[in-house]
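Working notes, beginning with the structure itself.
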Amino acid sequence: MQVRQILGKTIALLLAMQLFLIGFQAKSQIDQGNSSIETLIWMTQQYISVLVKIRSLQDKKEKNDSPKLKSKK
């Protein structure tokens, strides 16, 4: 169980770092002369893919946790 918690926290940290790096890369794009609107559209596309990953992991976790909750009752 503890290994799962560590793995979950590691995945959360990596996803948070990915979001941070997307923002950092967007700032670099603006500094290089790209328009703010183009950069915002690019960021939104990048964030959506990360959010889809997060939702998928959350759904898997809920699916794995639900049988345990039912068996405890």
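The values are calculated or read from the model by the stated rules, or taken from the named source; none is laboratory data. Just so you know, these numbers come straight off a predicted model, no measurement behind them. Using ideal geometry, Cβ is built from the backbone for each residue, glycine included, and neighbour counts are taken over all protein chains shown. Surface areas here come from the heavy atoms of the whole protein model, side chains and all, with no ligands, DNA or RNA. Shrake-Rupley method; radii C 1.70, N 1.55, O 1.52, S 1.80 Å.
Remarks
- LYS53 being among the basic types (Lys, Arg) and either touching a residue at least 24 places away in the same chain (Cβ under 8 Å) or open to solvent by less than 100 Å² (accessible area, probe 1.4 Å) (or both): yes
- Failed item, numbered, when GLY33 is tested on (1) within 22 Å of LYS53 (Cβ to Cβ); (2) more than 18 Å from the chain's Cα centre (by Cα); (3) open to solvent by 60 Å² or more (accessible area, probe 1.4 Å): (1)
- Meets criteria (small (Gly, Ala, Ser), surrounded by fewer than 12 Cβ atoms within 10 Å (Cβ to Cβ), part of a helix (DSSP H, G or I) and at pLDDT below 85) for SER66: yes
- Test set (1) open to solvent by 100 Å² or more (accessible area, probe 1.4 Å); (2) charged (D, E, K, R); (3) without any contact (Cβ under 8 Å) to a residue 12 or more places away in the chain - LYS61 fails condition number: (3)
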